[in-house]
Amino acid sequence: MIWLRALAPTAIALIIAALLAGLVSDTMAARWLALALVIQAVMVTLVMARLHFWAALPRQRELPQVGGVWQPLLDRLARFVKTDRESREQLAAELEQLHRAVDRLPDGLIVLDRYDHVQWCNNAALELHGIVGSGRPLHHFIRQPEFVSYLDGSDYSRPPVLPLASRPGRLFELRLHRSDDNHKLLISRDLTEQARLDAMRRDFVANVSHEIRTPVTAIGGFAETLLDLPLEPAQQREYLGIILKQSQTMQRLVEDLLTLASLESSTAPPEAERVDVTAMIRAVGAEAKALSNGRHTLTYRLEAPPLALAAPVELESAIRNLVINAVRYSPNQGRIEIGWRIVGNEGCLSVMDSGIGIAPEHLPRLTERFYRVDRGRSRDSGGTGLGLAIVKHIMQRHGGQLRIESSLGKGSTFTLVLPANRLIAEPAPTAQSPAVTEPAAGS
Ligand code: ADP
């Protein structure tokens with residue numbers, strides 16, 4: 001009904017003019033009409049002036065309240081202005097949120113215009129490439145020739161991986177994406193860790209192939225000789241013995257690889273069972289005695305309460321690896337002592353030998369897969385180079401650690417450290433007194 005309200009003042013002015021013409025005179029009616037027109041023109045001008053004033057700064061100023069016939073129109077305009085302001089505020093808040101999220105990304109992001117000038121970048125890119133100001137060419141900040149030719153080319157599928165001066169020792173992949181005809185996005189991602197893992201994987205495959213090739217070549221060679229040459233029975237037996245030994249080495253290697261793979265693939269800590277550690281030590285000790293065949297003296301020093309919470313198969317495998325190494329790396333008449341005691345609040349299971357010992361520079365690398373101090377000696381004694389890596393993994397899964405002390409030519413002590421929460425104070429029902437140091441027992 002706005003049109004009715006708009007017409008009402010004009011209609012009233014005309015009715016008054018008609019009454020004046022009929023009752024007073026035409027001149028009076030004409031004067032009245034002129035006056036009414038002037039009043040309306042002034043009012044319209046005032047409203048226009050106020051609207052004009054508002055329209056100069058519509059976001060800062062409130063819409064004027066003019067009343068009369070204009071008010072419903074302005075109310076509608078006010079509603080539109082309000083919703084427009086609200087959606088703008090919401091958009092700004094969302095944009096701010098997006099900026100903050102993008103700024104927290106570890107990857108550097110740079111938006112480039114069609115001339116490869118920096119339009120925008122996040123904090124990470126700012127720090128990585130030292131971007132200052134916007135609108136400057138990207139090659140002012142990244143000057144490496146490999147990247148410049150990648151940027152100038154049209155195939156972005158092979159991004160360069162480069163070191164950056166801002167992060168010494170690390171490697172970054174700088175990958176370009178076309179976001180539309182006029183813009184590109186540069187993502188700088190730290191690939192150091194991935195490159196390290198890739199190198200480890202390559203090394204691992206190369207090592208495994210190498211380890212397998214040696215016994216396979218020996219087995220093939222001796223089998224061929226046995227087939228081709230008319231050998232004496234004694235020599236035949238010798239060659240068959242070598243074939244058997246090499247196939248056992250391969251079997252051990254495969255078993256160790258499978259053990260390592262299963263330890264690495266299961267992230268959950270092992271099931272904690274009550275394990276009689278002293279009984280386990282004695283059982284493994286008996287195996288070691290058989291392997292030593294009288295060449296070494298094996299003693300026990302079992303002083304801690306016998307029970308612990310551990311995965312029995314894993315703990316036994318860790319002890320076995322250490323004890324067998326002690327036998328293999330100790331000369332005849334060597335002494336080996338297996339100890340189990342509490343130090344501080346930790347359980348320490350140590351295997352001490354009077355063997356060949358290890359030079360200090362090798363100690364930090366001993367638990368790496370396939371790391372050996374003396375490759376030939378390890379192989380000759382049937383080693384796979386994986387034993388200590390397996391032990392380390394097992395201890396980590398138990399929340400403990402493997403400690404190694406050694407002195408070249410004098411001997412070594414390998415200690416499995418179990419944390420306090422894996423120890424049980426009470427003695428095992430079948431165990432003897434827990435704090436008894438056993439006398440040296442000949443092998
Ligand atoms: P391997 O199967 O070669 O013994 P390990 O992982 O068990 O592999 O041990 C890695 C290396 O650590 C061995 O090759 C050997 O050089 C050294 N090592 C391990 N135990 C002893 C020890 N008790 N005395 C001297 N050296 C040892």
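Worth pointing out:
- Here the condition is being in contact with a Ser or Thr (Cβ under 6 Å, 6 or more places away or on another chain) and over 12 Å from Ser188 (Cα atoms); of Val118, Val102, it holds for Val118 alone.
- The test for being more than 30 Å from His183 (Cβ to Cβ), under 60 Å from the mean Cα position of the chain (by Cα) and not in a loop (DSSP other than H, G, I, E, B) does not hold for Asp84.
- Cross-chain or 6+ apart pairs with Cβ under 9 Å, the stretch 232-260 first and free of Cβ contacts under 8 Å to residues at least 40 places away in the same chain and assigned by TED's automatic domain parsing to the domain that holds Ala218, then surrounded by 17 or more Cβ atoms within 10 Å (Cβ to Cβ) and not hydrophobic (A, V, I, L, M, F, W, C): Gln246/Pro215; Ser247/Pro215; Met250/Glu211; Met250/Pro215; Glu255/Thr384
- Filter result (near the ligand (Cβ under 8 Å from one of its atoms) and either in contact (Cβ under 8 Å) with a residue 40 or more places away in the chain or of a type in the set (Phe, Trp, Tyr) (or both)) within the stretch 356-368: Ile356, Gly357, Ile358
- Residues of the stretch 134-152 that turn out to be in contact (Cβ under 8 Å) with a residue 12 or more places away in the chain and part of a loop (DSSP other than H, G, I, E, B), as a count: 6
- Selection from the stretch 380-405 of residues that are part of a loop (DSSP other than H, G, I, E, B) and crowded, with 21+ Cβ neighbours inside 10 Å: Gly383, Thr384, Leu386, His398, Gly400
- Test set (1) assigned to a helix (DSSP H, G or I); (2) open to solvent by 60 Å² or more (accessible area, probe 1.4 Å); (3) within 30 Å of Ser157 (Cα to Cα) - Pro168 fails condition number: (1)
- Some residue of the stretch 86-101 being at pLDDT below 90 and hydrophobic (A, V, I, L, M, F, W, C): no
- Looking across the stretch 128-141, just one residue is loosely packed, with under 14 Cβ neighbours inside 10 Å and within 27 Å of the chain's Cα centre (by Cα), and that is Gly130.
- Single match in Asn345, Asn332, Asn293 (criterion: without any contact (Cβ under 8 Å) to a residue 24 or more places away in the chain, more than 19 Å from Asp256 (Cβ to Cβ) and more than 13 Å from the ligand (Cβ to nearest atom)): Asn293
- Among residues of the stretch 381-396 that are closer than 17 Å to Arg328 by Cα and small (Gly, Ala, Ser), those with a Cβ under 8 angstrom from a residue that is open to solvent by less than 10 Å² (accessible area, probe 1.4 Å) and within 7 Å of the ligand (Cβ to nearest atom), sequence gap 6+ or separate chain, pair up as Gly385/Ser378.
- The single residue among Ala308, Ala304 that is touching a helix residue (DSSP H, G or I) at 6+ places or on another chain (Cβ under 6 Å), open to solvent by less than 20 Å² (accessible area, probe 1.4 Å) and more than 11 Å from the ligand (Cβ to nearest atom) turns out to be Ala308.
- Any hit, the stretch 312-325, residues being under 16 Å from Gln401 (Cα atoms), open to solvent by 50 Å² or more (accessible area, probe 1.4 Å), modelled with pLDDT of 95 or more and more than 12 Å from the ligand (Cβ to nearest atom): yes
The values are calculated or read from the model by the stated rules, or taken from the named source; none is laboratory data. Computed from a predicted model, the values in this text were never measured in an experiment. Note that each Cβ is placed from the backbone with ideal geometry, even for glycine, and that neighbours are counted across all protein chains shown. With ligands, DNA and RNA removed, areas are computed over all heavy atoms of the protein, side chains included. Shrake-Rupley method; radii C 1.70, N 1.55, O 1.52, S 1.80 Å.
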